[in-house]
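The values are calculated or read from the model by the stated rules, or taken from the named source; none is laboratory data. Just so it is clear, the structure is predicted and the values come from calculations on it, not from any experiment. Please note: Cβ atoms are built from the backbone with ideal geometry, for glycine as well, and neighbour counts cover all protein chains shown. Note: areas computed on protein heavy atoms with side chains; ligands, DNA, RNA excluded. Shrake-Rupley method; radii C 1.70, N 1.55, O 1.52, S 1.80 Å.
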Amino acid sequence: MLRADLLRSEIATTFRRWRTLVLLAVLAGVPVLVGVAVRIQTGRHAGGGGGPAFLAGIAGNGLFLVFTALAVTLPVFLPMAVGVVAGDALAGEAHTGTLRYLLVAPAGRTRLLCAKLVTVVAFCLAGTLVVALSALATGALLFPLGKVTLLSGTSISFGEGLLRALAIAGVVALSLLGVAALGLFVSTLTDSGVAAMATTVGLVLTAQILDGIPQLQAIQPYLFPHYWLSFADLLRDPVYLDGILRNLGLQALYAAVFGSAAWARFTTRDITA
């Protein structure tokens with residue numbers, strides 16, 4: 001059973017690191033940049049008539065900045081940040097020589113690995129919420145708020161729109177589980193935190209590239225980024241759950257496979273540092 005004191009220690013240590021704080025600050029800055037850019041654009045084109053449709057949506061309702069910011073950060077910024085944290089989880093400890101001392105404590109390798117995984121998942125949630133809250137604050141400051149017109153054309157109240165935004169943030173956070181498990185597995189393979197982070201981020205980018213090549217459509221449904229943007233179906237009435245459930249099922253599969261691989265590697269690894 002996972003010890004609460006071990007989990008608290010791991011989460012506190014991770015979120016106190018300058019690297020983690022910088023990553024969260026960068027994530028918080030993305031919605032601000034998008035909001036300011038849209039504000040400047042709509043200032044040049046009265047009524048928000050210029051630019052793509054989602055820009056006009058932001059100009060008419062600041063809550064749309066939450067949806068847009070999550071769509072912008074999910075393909076690159078969020079998975080890269082998670083990849084950095086996950087890749088450094090064990091390899092960074094080995095590089096600094098603290099991993100051996102952690103294992104001296106009566107935590108055990110399995111409990112330590114579980115604590116690391118839960119910590120990375122906590123960062124997935126924290127990173128997603130930082131983006132959403134920054135976007136909400138920026139949208140409220142720069143644009144009007146009100147009823148939300150869904151992609152299907154139905155209008156809902158601002159309160160219901162907030163609930164849908166929260167649900168979307170939850171789906172986005174869960175969409176990063178595959179990256180978290182993959183990064184943790186890579187972290188068990190090396191004693192270099194930099195190598196583990198670079199490898200994880202490289203694998204994320206490679207999967208994104210493969211998912212964009214039309215000739216590889218036969219394998220694309222099995223790539224973890226393939227259904228990431230399915231959260232947009234929460235902005236329909238009625239909600240389309242097919243893509244969302246496929247996404248969550250795929251993330252659970254990746255988490256199970258690479259989580260098990262990380263456990264098998266870490267529990268049999270000769271810790272020398």
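Given the structure, is VAL239 open to solvent by 70 Å² or more (accessible area, probe 1.4 Å), modelled with pLDDT under 90 and of a type outside the set (Asp, Glu)?
Criteria not met by VAL239.
Residues of segment 140-154 being in contact with a strand residue (DSSP E or B) (Cβ under 8 Å, 6 or more places away or on another chain) and either within 25 Å of VAL36 (Cβ to Cβ) or modelled with pLDDT under 85 (or both), which ones?
First pass over segment 140-154, keeping only residues in contact with a strand residue (DSSP E or B) (Cβ under 8 Å, 6 or more places away or on another chain): 147-150.
Matches in segment 140-154: LYS147, VAL148, THR149.
Would you please name the residue that is farthest from the chain's Cα centre (by Cα), looking only at residues in segment 1-38 that are over 23 Å from ASP88 (Cα atoms) and either of a type in the set (Asp, Glu) or open to solvent by 40 Å² or more (accessible area, probe 1.4 Å) (or both)?
MET1
Which one is most open to solvent (accessible area, probe 1.4 Å), of the residues in segment 202-225 that are farther than 13 Å from MET80 by Cβ and polar (S, T, N, Q)?
By that ranking, first place goes to GLN215.
Taking segment 120-149 only, how many residues are open to solvent by 10 Å² or more (accessible area, probe 1.4 Å) and within 24 Å of the chain's Cα centre (by Cα)?
13
With GLY161, GLY193 as the choices, which residue is more than 12 Å from the chain's Cα centre (by Cα), small (Gly, Ala, Ser), open to solvent by less than 10 Å² (accessible area, probe 1.4 Å) and within 19 Å of ALA81 (Cα to Cα)?
None of the other options fit; the residue is GLY193.
Which residues, counting only those in segment 76-95, are open to solvent by 40 Å² or more (accessible area, probe 1.4 Å) and either free of Cβ contacts under 8 Å to residues at least 40 places away in the same chain or more than 24 Å from TRP263 (Cβ to Cβ) (or both)?
If we filter segment 76-95 for residues that are open to solvent by 40 Å² or more (accessible area, probe 1.4 Å), which is where we start, we get 76-77, 80, 95.
Scanning segment 76-95 gives VAL76, PHE77, MET80.
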